[in-house]
Amino acid sequence: MKLLVLGGTVFLGRHVVAQALARGDQVTLLHRGRRGFGLFPEARALIGDRDGDLSALEQQDFDAVIDCSGYTAAQLERSAAMLSDVPQYLFVSSISVGAAFPPGQAYDEDLPRLEGDEGYGQAKARAEDALLAARPGRTTIVRPGLIVGPHDPTGRFTHWPLRVARGGEVLAPGRPERPVQFIDARDLADWCLRLVTDRVTGTFNAIGDTLPMDELLSTCREVSGSDARFSWFDDRTLIDAKVEPWSELPLWIPEDDPAFGGMLLGANARARAAGLRLRPLAETVRDTLAWARTPDGGAARSPHALAPGREAELLAAARAD
């Protein structure tokens, strides 16, 4: 297959390209040449700008495009026009297009979407609209939530394997049974490639199965072999302590939050039916931890995550109560 990847040098796109090359596809990358330049010498590289010059795409021939870098309606309008003859176009959107995620309510791909175009979720929603209008019946939209695994530049999921591996008393957010969701970038990349190969169209939540937070933390402990022990802090205690949800404690959102309390309750039945396959949690944790301990993974620690000193203060205050 002659595949074009828009993006492809940072995280999800990097895994898409690696897997496409491994299975024998002819891969072309379009990116700005700012990061990961020369990462895949066996792929053809084109330099372009989604907000500027896309002339490198003129008179090119592809079987499919996987768009990992589009964010705005204008970007999707321009790329769709340049690639109008490509049979299959897959766009990586986001569950952030959802207008609200009420507490305790699971949602599927038909959830109401945000209006307007101010903000990340709104921009992604309008990008979806632009692509669907340009390519009716010839579009695949996947909506990931938190994408995790090796080469994750955000450090959000990576925080937990690293923190648990350090051992000792660990501040665990919410209740142990609280559901969480994420997807390994390698599983998402594999699925995206199979979707375009099989010419599957439609809109899909690209998310993993729900699992309890204590399973994630226990798996981190088992994989790392640490002596970590978990002290669970309920939502109210963390809110009163002014701990920032999601950023300071990744994967923690107060379950009664009126706007986001149900964000980690997405249904993936449609994706599963379309062939999404998920690897064991222990494999994701093991590989993420191994990568994070390499020089390449050194920069993937979230600058917003709860600092050790702050965690120690909160744990000490809880013991004193």
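All of the numbers you see were taken from the coordinates with simple rules; none came from a lab. Since the structure is predicted, the reported quantities are computational estimates derived from the model, not experimental observations. We place every Cβ from the backbone using ideal geometry, glycine too, and count neighbours over all the protein chains shown.
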* Asked: What size of dipole, in debye to the nearest 20, comes out for the chain about its Cα centre when the only charges are +1 on Lys and Arg C-beta atoms and -1 on Asp and Glu C-beta atoms?
  -> 740
* To do: With only Lys, Arg, Asp and Glu charged, each at its Cβ (+1 for the first two, -1 for the last two), find how big the charge dipole of the range 79-146 is about the Cα centre; round to the nearest 20 debye.
  => 160
* Structure fact -> If one builds a Gaussian network model of the chain from Cα atoms under 10 Å apart, the most fluctuating residue listed among 224, 94, 84 is 84
* Structure fact -> Under the Karplus relation with 6.51, -1.76 and 1.60 and θ = phi - 60°, whole-Hz ³J(HN,Hα) for the range 137-149, x at Gly and Pro, equal x, 10, 9, 10, 10, 10, 10, x, x, 7, 9, 10, x
* Structure fact -> Of the candidates 263, 1, 101, the farthest towards the positive dipole end of the chain (Lys/Arg Cβ +1, Asp/Glu Cβ -1, centred on the Cα centre) is 1
* DSSP beta bridges in the range 156-284 [antiparallel fraction, %, rounded to 5] -> 25
* Treat each spin label as a single point 7 Å out from the Cα along the C-beta direction, and report the residue 218 to residue 63 distance in nm. => 4.4
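What is the order of 120, 89, fewest Cβ neighbours within 10 Å to most? Display every interim value, and only then the final one.
Numbers: 120 12, 89 26.
The order, fewest Cβ neighbours first, is 120, 89.
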* Calculate how many DSSP beta bridges within the chain are antiparallel, expressed in % of all such bridges and rounded to the nearest 5. => 10
* Say a site is exposed when it is one of the GluC sites (Glu not before Pro), sits in a DSSP loop, and has at most 11 other Cβ atoms within 10 Å; what is then the longest site-free stretch of the chain? -> 178-321
* Asked: Out of 145, 48, 266, any idea which swings most in a Gaussian network model of the chain, alpha carbons joined below 10 Å?
  -> 48
